[in-house]
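Peer 1: The structure follows.
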Amino acid sequence: MDRVVAFVFFSCCFFASRINCQEAILHVSNGTEYREYCILHNHSWTPLSAKLDAATQYPLVDLTSFLLCNDSGVSPDVVKDRAVVVIRGDCDFSQKAITAMKLGAKALLIASNTSLITPSANDSMYSKVKIPLALMKYRDILEARKVFKGGMLASLYSPPRSRIDPSIVVILLIAVVTVTLGGYWSGACEREYFNNSASRGGGGGESKADGGEISLYSPLKVVIFVALMCGMLVLMYFFYNVLVYIIIAIFCLASASALFSCFDAVLDKLGCGTFSFTVKNSSFSARSILLAAVCISIAVVWGVYRNEERWIWLLQDILGIAFCLNFLKTISLSNFKICVILLSLLLVYDVFFVFITPFFTKDGVSIMVQVALGPDASGGKTHSGGLEIPAEPQPPSEKLPVVMRVPWFSAWAQNLCWMQFSILGYGDIIVPGLLVAYCSRFDVWVGSSKRIYFISSCLAYLLGLILTFAVMLLSGMGQPALLYLVPFTLITSAVVAGCRREMKHFWTGTPYQVLDSSREPLLPERRAGRCVEGENC
C-alpha cells in the first residue's frame, strides 16, 4: 500500500511540474540540412513556441558587424520580415529590440562572445517589445555561416521540460539495486561462513577477518571515523585543487579492485572454471589475470577520459556500483547499536555540511555541494538575474568521483546548452546499505527463511529515496538524502525487531564476541540456519 501511495504521489508531481525553461533552441536550415544551437530567452518577456512545427520560420540575416543601438547604416529592406543577428554590446537588450522592430524585423538574436545570460529589462520595457529576443553564442553564428553559405532559415522554439526527468528513475534504480545486491552479498558471505564453520564442527578455522572482512564494533572507533570524515571534507574544501588528484588516484585503484571482486564473484556463481599454470614454482590463474587486465583497463580509461561529459558518466557509474558493492560486502557493522550510532552521526554530518555551512562560507555555498561538484564546475549557473552560460568552451573542471551521475534525458534544449545531471552520492548508498547488510546477516543468524529484516530494510530504503527526490523536486533545491534515508531504515528495522520480539538480539548483534584472539558465540548455535519448534522465523 505504501508503495502504491508513493507511486501515485510521484506521478502527480511529474504531470503537475511541467515548466517553461530559459534555455531554447535556434533551428537553422537551408531546406535540406539543419543545425540546432543553444539560445537563452526570457519566457515572461518573449514567449516562444513549444514545438518546432509550431514555430514561425524566418530568413536569417547576419548583421554581427552592427550593434543595432540605432538604425543608422542598416537598410530596412535588408531587415524587414526577417530574423536578425547582431553583436552584443554598448546598449541594453530592449533598445536593440525596439530598433529591430522599427526596421521591420520579426525576431532578434544577440550574439555574445563572453557569456549568455537571461535577457531582461525594466518592467516598463517588457510591454514595448513585441518580437522574440534571445541570446546566442557568437561562435555558433560563425559556424552557421560556414555551413549554410547559400542562405539561412531560422526558427526559435522552447520545448517545455519537466522538473522530474527520467534520469531520476535511473538513479533510483541504481541506488536500490546496489543496496539490495550489496546486502544480499553480505548475507551470502555470512551464510557461507556459517556453513564452513558447521562443516568443521563449529570451532576453529578461518575467521571472517582473515577472509578480508572488516567489522566495526567499537562506538569510539565509529566516532573517530566520522570525525576523520569531517576533517577530510574541510581539507577538501580548502585544498581541493591538490587533494582532488589524490582522491582520483585512490578511486582508480579501489574501483578496479572492487570491479575485479564483483566479476570474480559472478563467474564463481555461474560456475565458470579457471585455468591455472605454474611459472617458476608460482601458480597463476588465467581467469584472474584476464579479469585484472579488464578491470584495470576500465579504470585507466575512466582516469584518462574522466572529463568527457557526454559518455564517461557511464563508466563512472559502473565503477561506482562496484565500489559500493565491494564496500558493503567488506565492511560490516557488528550490531544494531553501532548502526544507530554511525547512521545518526552521519545524518548530523550530512545536514550540517549541506544546510549549516553556507552561513560560514564566503560565497554562501555549502561545503558538501562545493566539494561534490567542484569549485570550478563549468556549465550553466543560476543567479538572481536568471541563468548564465559560458559562450566559449571552458577548460575541464576536475570533479571528485563520489557520485552516481545520469544525464537528463528530456531536457534536450538544456543539454544542448550544457549537460545537466541527476546525481546521488556514494555515501547515500553506502551508509544505509551498511544497515541493510547488517539486516541481511542477522536474517542468517536467526535463520529467517523469509529474510524479513533484509526485505523490510530494502523497502524502507526505497521509500526514503522516493521521499528524498519528492522533497527535492517540490523545494527546488538539493537535499541531504540521509535526512530521510536514516530515519526510514533505522525505524523500520527497529519496528521489525520489536514485532518479532528479537530486539535484544538485534541490538547486541553478531553471534560472535569480537576479540583479538578468539570468537565466542553470543547467540545459540541453532540460529545458524534453522528454527526451533514454536519459533516464528
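The values are calculated or read from the model by the stated rules, or taken from the named source; none is laboratory data. Keep in mind it's a predicted model, so treat the numbers as computed, not measured. We place every Cβ from the backbone using ideal geometry, glycine too, and count neighbours over all the protein chains shown.
Peer 1: Within region 65-79, track down each residue that is of a type outside the set (Asp, Glu) and exposed (fewer than 13 other Cβ atoms within 10 Å of the Cβ).
Peer 2: 65, 72, 73, 75, 76
Peer 1: Further question on the same structure: Residue check: is residue 135 buried (at least 22 other Cβ atoms within 10 Å of the Cβ) and in contact (Cβ under 8 Å) with a residue 24 or more places away in the chain? Step through it out loud before you land on a result.
Peer 2: Values: buried (at least 22 other Cβ atoms within 10 Å of the Cβ): yes; in contact (Cβ under 8 Å) with a residue 24 or more places away in the chain: yes.
So residue 135 fits the description; yes.
Peer 1: Does any residue of region 333-342 turn out to be surrounded by 18 or more Cβ atoms within 10 Å (Cβ to Cβ), small (Gly, Ala, Ser) and at pLDDT below 95?
Peer 2: The answer is yes; a qualifying residue exists.
Peer 1: On to the next question. Restricting to region 162-196, and then to whatever is buried (at least 20 other Cβ atoms within 10 Å of the Cβ) and of a type in the set (D, E, K, R), can you tell me which residue is modelled with the highest pLDDT?
Peer 2: The extreme case among them is 190.
Peer 1: Out of region 426-450, which residues are of a type in the set (Lys, Arg) and either free of Cβ contacts under 8 Å to residues at least 12 places away in the same chain or within 16 Å of residue 328 (Cβ to Cβ) (or both)?
Peer 2: Pass one, region 426-450, residues of a type in the set (Lys, Arg): 441, 450.
Scanning region 426-450 gives a single hit, 441.
Peer 1: Moving on. How many residues are within 30 Å of residue 286 (Cα to Cα) and either modelled with pLDDT under 90 or of a type in the set (S, T, N, Q) (or both) when one looks only at region 216-263?
Peer 2: The first filter runs over region 216-263 and keeps only residues within 30 Å of residue 286 (Cα to Cα), leaving 248-263.
Going one step further and asking which of them are either modelled with pLDDT under 90 or of a type in the set (S, T, N, Q) (or both), we end up with 255, 257, 261.
The number of residues fulfilling the criteria is 3.
Peer 1: Among the numbered criteria (1) over 24 Å from residue 230 (Cα atoms); (2) surrounded by 12 or more Cβ atoms within 10 Å (Cβ to Cβ), which single criterion is violated by residue 323?
Peer 2: Checking residue 323 against (1) over 24 Å from residue 230 (Cα atoms); (2) surrounded by 12 or more Cβ atoms within 10 Å (Cβ to Cβ), the one that fails is (1).
Peer 1: Something else: Is it the case that some residue within region 61-83 is over 20 Å from residue 142 (Cα atoms), of a type in the set (Asp, Glu) and modelled with pLDDT of 90 or more? Spell out how you get there, then give the answer.
Peer 2: So the first thing to find is which residues in region 61-83 are over 20 Å from residue 142 (Cα atoms), and the list is 69-77, 80-81.
Applying the additional criterion that residues be of a type in the set (Asp, Glu) yields 71, 77, 81.
Applying the additional criterion that residues be modelled with pLDDT of 90 or more yields 81.
Yes, that holds for at least one residue.
Peer 1: Return a yes/no flag: does region 328-348 have any residue that is over 30 Å from residue 502 (Cβ atoms) and in contact with a helix residue (DSSP H, G or I) (Cβ under 8 Å, 6 or more places away or on another chain). Don't jump to the end; show me each part of the working.
Peer 2: Keep residues of region 328-348 that are over 30 Å from residue 502 (Cβ atoms), which gives none.
No.
Peer 1: Do the conditions hold for residue 315, that is, is it surrounded by 18 or more Cβ atoms within 10 Å (Cβ to Cβ) and aliphatic (A, V, I, L, M)? If you could, list the steps in order and put the result at the bottom.
Peer 2: Working: surrounded by 18 or more Cβ atoms within 10 Å (Cβ to Cβ): yes; aliphatic (A, V, I, L, M): yes.
Yes; evaluated as a whole, the condition is true for this residue.
Peer 1: Oh, and also: What pairs come up if the first residue lies in region 38-52 and is in the same structural domain as residue 117 (by TED's automatic domain parsing), the second is of a type in the set (Asp, Glu) and surrounded by 20 or more Cβ atoms within 10 Å (Cβ to Cβ), and their beta carbons are under 9 Å apart, counting only those six or more places apart or on different chains?
Peer 2: If the second residue must be of a type in the set (Asp, Glu) and surrounded by 20 or more Cβ atoms within 10 Å (Cβ to Cβ), the pairs left are 38/23; 38/140; 39/23; 39/140; 40/23; 41/23.
Peer 1: Please determine whether any residue of region 284-299 is over 25 Å from residue 478 (Cα atoms), basic (Lys, Arg), touching a Leu at 6+ places or on another chain (Cβ under 8 Å) and in the same structural domain as residue 430 (by TED's automatic domain parsing). Working first, answer last.
Peer 2: Initially, region 284-299 is screened for residues over 25 Å from residue 478 (Cα atoms), giving 284-299.
Next, only the ones that are basic (Lys, Arg) stay: 287.
Filter again for touching a Leu at 6+ places or on another chain (Cβ under 8 Å), leaving 287.
Narrowing the set further to residues that are in the same structural domain as residue 430 (by TED's automatic domain parsing) leaves 287.
Scanning region 284-299 turns up at least one residue that is over 25 Å from residue 478 (Cα atoms), basic (Lys, Arg), touching a Leu at 6+ places or on another chain (Cβ under 8 Å) and in the same structural domain as residue 430 (by TED's automatic domain parsing).
Peer 1: Say we look at region 138-161 and pick out the residues that are surrounded by fewer than 16 Cβ atoms within 10 Å (Cβ to Cβ) and among the small types (Gly, Ala, Ser); which of these is modelled with the lowest pLDDT? First the steps, then the outcome.
Peer 2: Keep residues of region 138-161 that are surrounded by fewer than 16 Cβ atoms within 10 Å (Cβ to Cβ), which gives 139, 142-143, 145-147, 149-151, 160.
So of that shortlist, the ones also among the small types (Gly, Ala, Ser) come out as 150-151.
Details: 150: 74, 151: 84.
Selected residue: 150.
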